[in-house]
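Report on one structure; see the data block that follows.
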Amino acid sequence: MFSAVVYNSCTGSCKKYAELISDQLGIPAVEFGKARVAGEGKVIYIGWLFAGKIKDLDKASDMYDIGAVVQVGMGAVYENSEKAAREKNAIKAETPLFCLQGGFNLAKLPLPLRVIMKIKNKEIVSRLMAKPELNAQEKATLKMAQTGVGEPAEWCVDDVVAWCKAH
């Protein structure tokens, strides 16, 4: 059983996902490093993605019994997203991992990340504009990269909630 959803949010997407999951599971959403998790039990950790790394997952692993991980990034989720995340973040095969598309707000990023993302956004736009057709998540990513702000194609936590209820 899960005792809390612990999230680390930079521009608000991880917080929104944490609140959606929290509401559906009836457990608290707790911001990483801001409050303690009451009771014992596993937590769902939600972290934002930067350069393939889930923010503070390593620190959260030292502090909590993580029963599931949710990574949130501005990019579309592909068939190989889970495999890449497991490799880059050393997430064991037995730990459930969910990859979700989040929103983006360039202005909310710390200055060094903002500079990096201004350059990266140009690469993202070029790559997506070269594709003959875009799915809904790719269209959302393109808008975020072009404008510096945007929402994911959808805010859906159904898979995460279903898995947690089953376990």
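The values are calculated or read from the model by the stated rules, or taken from the named source; none is laboratory data. Keep in mind the model is a prediction, meaning the values are calculated, not measured. Cβ coordinates were reconstructed from backbone atoms using ideal geometry, including for glycine residues, and neighbour counts include every protein chain displayed. Ligands, DNA and RNA are excluded from the accessible area calculation, which covers all protein heavy atoms including side chains. Shrake-Rupley method; radii C 1.70, N 1.55, O 1.52, S 1.80 Å.
Quick notes on this one:
- Look at the range 116-142: where a residue is in contact (Cβ under 8 Å) with a residue 60 or more places away in the chain and a partner is open to solvent by 20 Å² or more (accessible area, probe 1.4 Å) and among the hydroxyl-bearing types (Ser, Thr, Tyr), sitting 6+ places away or on another chain with Cβ atoms under 9 Å, you get GLN137/TYR78.
- Qualifying residue in the range 48-60 (condition: touching a helix residue (DSSP H, G or I) at 6+ places or on another chain (Cβ under 6 Å), small (Gly, Ala, Ser) and surrounded by fewer than 18 Cβ atoms within 10 Å (Cβ to Cβ)): yes
- Condition met for GLY41 (under 12 Å from the mean Cα position of the chain (by Cα) and modelled with pLDDT under 95): no
- Any hit, the range 39-49, residues being among the hydroxyl-bearing types (Ser, Thr, Tyr) and farther than 23 Å from VAL149 by Cα: yes
- Residue that is nearest to VAL77 (Cα to Cα), among those in the range 124-167 that are among the hydroxyl-bearing types (Ser, Thr, Tyr) and open to solvent by 70 Å² or more (accessible area, probe 1.4 Å): SER126
- Residue within the range 93-110 that is free of Cβ contacts under 8 Å to residues at least 40 places away in the same chain, part of a loop (DSSP other than H, G, I, E, B), touching a Lys or Arg at 6+ places or on another chain (Cβ under 8 Å) and within 27 Å of ALA60 (Cα to Cα) present: yes
- Identification of strands (runs of 3 or more DSSP E) wholly contained in the range 1-73 with 2 or more residues that are touching a residue at least 12 places away in the same chain (Cβ under 8 Å) and of a type outside the set (A, V, I, L, M) yields 2-8, 42-50, 65-73.
- Condition check for LYS131: more than 16 Å from the chain's Cα centre (by Cα), assigned to a loop (DSSP other than H, G, I, E, B) and of a type in the set (Lys, Arg): yes
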